[in-house]
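Report on the following structure.
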């Protein structure tokens, strides 16, 4: 996995004479950032509250473990299926406009889920919420990227973006537990006024989209239909595989159809004068590497949360509010470290925060393997929560910075969509695999449940470890490639050798004056 390092040439932060370092944000910039980040907070708020409520939803409607997985997976299906379309729409139709539409859809899905009288309607409500998030996520990230210049300001803004998600997570843990104690329905309904508040704030504070220049805008309808259908089938095939079987006719048929649609999409995009996804963007190693890391970050965490919720509530018999406070340290740690993560990226580059974050994940999951029938929260469970809270802000912020650095302004929404697709498809894939390892029995025995939790945790340990150690391995390979290129080049140095050196240094380092070099994005142009 290649993650471009955008640290300064000497590894230091911009100095006091750097013009970017002296810029101070006004009240409007701060309020705009908070409002836009509110969409990310709402996503975190919804996910953690519904995650806490899932055992109650499962019990009320008599759902099996595999069926209850769909309360989580339906959101991932809508999110992952429509992300590329949502990202490109924000580039073509305007980030602010798509952001506002997405918030409206989110509110509608939240209301539907809260009023549902069957497990199926709850799942449909989560699907609609996922579609709304597919519109807000890339447009929100591209609004942040578009309003803060690349370098220290953007790193700082993205660190705050991560912190706002932590606020939503921290509040969601406690509020979700309290609301679930009364009724799981309130965990859905609360999203309605939050979405409306963000909508009103965005109307006032988010800058209007630039006026169209009059040129003809071409929307790649064929590409949009094929990639959206392909992503929907891909995510659906993955999340239903635990119940149907990975090698069943249904699963193979759905995944085969997804593969054919993806092939058709590639063929369409290679011939389209204005493609939905410019295929050259996928040659941006930093963007692709960040998206793979994103898949591991969210996939392992969502699976951990799913297992942890079942363990504490279904196995240990804790109340929703008790479980909420048990998960609270994760949000508090993220809230503590995320605002500082952007500054530290300037000192270390991007690779090492990713490695450190995923290594902390690996150790956290290993520690959680110690859980048993009466394990101490303080000695067994809390240490894993703290390590997750420390690792997340570094890996998450670095992935966001790496994915958007060097990408042309006209494709920021699409790059954000690709990154968010990594997050959501990763969540779908890992959770589906974990659910298979846990077993899908409707009424497993106490011993079988605990064994299933351990087997599921081993899966996410493996994924986290592979993700962590792939980073230094990729960096070492890049250095060897650069050294080989230099050895075979004339003394004056060739363009190929120079490119290899740049890749070894991360594909896009910042100049000594703190301004980001554009080389990281050229490989994808």
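For segment 243-273: of the residues being touching a residue at least 40 places away in the same chain (Cβ under 8 Å) and surrounded by 13 or more Cβ atoms within 10 Å (Cβ to Cβ), which is nearest to residue 438 (Cα to Cα)? It would help to see each step written out before you state the result.
Here is the first cut: in segment 243-273, the residues touching a residue at least 40 places away in the same chain (Cβ under 8 Å) are 243, 246, 265, 268-269, 272-273.
Of the ones still in play, those that are also surrounded by 13 or more Cβ atoms within 10 Å (Cβ to Cβ) are 243, 246, 265, 268-269, 272.
Values: 243: 12, 246: 15, 265: 35, 268: 40, 269: 40, 272: 45 Å.
Checked segment 243-273; the qualifying residue nearest to residue 438 (Cα to Cα) is 243.
Okay, residues lined up against (1) closer than 20 Å to residue 419 by Cα; (2) not in a loop (DSSP other than H, G, I, E, B):
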residue: 111; (1), (2): no, yes
residue: 124; (1), (2): no, yes
residue: 131; (1), (2): yes, yes
residue: 140; (1), (2): yes, yes
residue: 150; (1), (2): yes, no
residue: 153; (1), (2): no, yes
residue: 156; (1), (2): yes, yes
residue: 159; (1), (2): yes, yes
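Kindly provide the set of residues from segment 274-291 that are in a helix (DSSP H, G or I) and surrounded by fewer than 14 Cβ atoms within 10 Å (Cβ to Cβ), ordered by number.
Result: 279, 280, 283.
Being in a helix (DSSP H, G or I) and modelled with pLDDT of 85 or more is the filter; apply it to segment 237-254 and report the residue that is nearest to residue 431 (Cα to Cα).
Within segment 237-254, the match that is nearest to residue 431 (Cα to Cα) is 237.
Does segment 469-478 contain any residue that is buried (at least 23 other Cβ atoms within 10 Å of the Cβ) and modelled with pLDDT of 80 or more?
Within segment 469-478, one or more residues are buried (at least 23 other Cβ atoms within 10 Å of the Cβ) and modelled with pLDDT of 80 or more.
Considering every residue within segment 137-148, establish whether at least one is crowded, with 18+ Cβ neighbours inside 10 Å, on the phi > 0 side of the Ramachandran plot and in contact (Cβ under 8 Å) with a residue 24 or more places away in the chain.
No; the residues of segment 137-148 include none that is crowded, with 18+ Cβ neighbours inside 10 Å, on the phi > 0 side of the Ramachandran plot and in contact (Cβ under 8 Å) with a residue 24 or more places away in the chain.
Has segment 302-309 got any residue that is under 15 Å from the mean Cα position of the chain (by Cα), in a helix (DSSP H, G or I) and surrounded by fewer than 19 Cβ atoms within 10 Å (Cβ to Cβ)?
no
Considering each residue of segment 196-233, count those that are modelled with pLDDT under 85, assigned to a loop (DSSP other than H, G, I, E, B) and within 25 Å of residue 107 (Cα to Cα), and give that number.
Looking only at that region, the number is 1.
Take residue 347 and decide whether it is surrounded by fewer than 18 Cβ atoms within 10 Å (Cβ to Cβ), in the same structural domain as residue 476 (by TED's automatic domain parsing) and touching a strand residue (DSSP E or B) at 6+ places or on another chain (Cβ under 9 Å).
Considered against the rule, which asks whether it is surrounded by fewer than 18 Cβ atoms within 10 Å (Cβ to Cβ), in the same structural domain as residue 476 (by TED's automatic domain parsing) and touching a strand residue (DSSP E or B) at 6+ places or on another chain (Cβ under 9 Å), residue 347 comes out as yes.
More than 24 Å from residue 75 (Cβ to Cβ) and in the same structural domain as residue 162 (by TED's automatic domain parsing): is that true of residue 302 in this structure?
When the stated conditions are applied, residue 302 does not pass them.
Scan segment 161-187 residue by residue and report those that are at pLDDT 90 or above and part of a helix (DSSP H, G or I). Step through it out loud before you land on a result.
If we filter segment 161-187 for residues that are at pLDDT 90 or above, which is where we start, we get 183-187.
Within segment 161-187, 185, 186, 187 qualify.
Residue 257 is checked against (1) in a loop (DSSP other than H, G, I, E, B); (2) over 30 Å from residue 180 (Cβ atoms); (3) more than 20 Å from the chain's Cα centre (by Cα) and fails just one. What number does that condition carry?
With respect to (1) in a loop (DSSP other than H, G, I, E, B); (2) over 30 Å from residue 180 (Cβ atoms); (3) more than 20 Å from the chain's Cα centre (by Cα), residue 257 is out only on (1).
State which residue is surrounded by the most Cβ atoms within 10 Å (Cβ to Cβ) when the search covers only segment 26-73 and only residues that are in contact with a helix residue (DSSP H, G or I) (Cβ under 9 Å, 6 or more places away or on another chain) and outside any helix (DSSP H, G or I).
63
Check segment 12-21 and report whether any residue there is surrounded by fewer than 24 Cβ atoms within 10 Å (Cβ to Cβ), in contact with a strand residue (DSSP E or B) (Cβ under 6 Å, 6 or more places away or on another chain), at pLDDT below 85 and not in a helix (DSSP H, G or I).
no
Quick one: which of 359, 394, 355 is within 14 Å of the chain's Cα centre (by Cα), over 30 Å from residue 233 (Cβ atoms) and crowded, with 18+ Cβ neighbours inside 10 Å?
Going through 359, 394, 355 in turn, the sole match is 394.
Let me confirm something: among 362, 397, which residue is part of a helix (DSSP H, G or I), at pLDDT below 95 and at negative phi?
Residue meeting the stated conditions: 397.
The values are calculated or read from the model by the stated rules, or taken from the named source; none is laboratory data. Small disclaimer: the values here were computed from a predicted structure and weren't measured. When we count neighbours, we look across all protein chains shown, and the Cβ atoms used for this are built from the backbone with ideal geometry, even at glycine.
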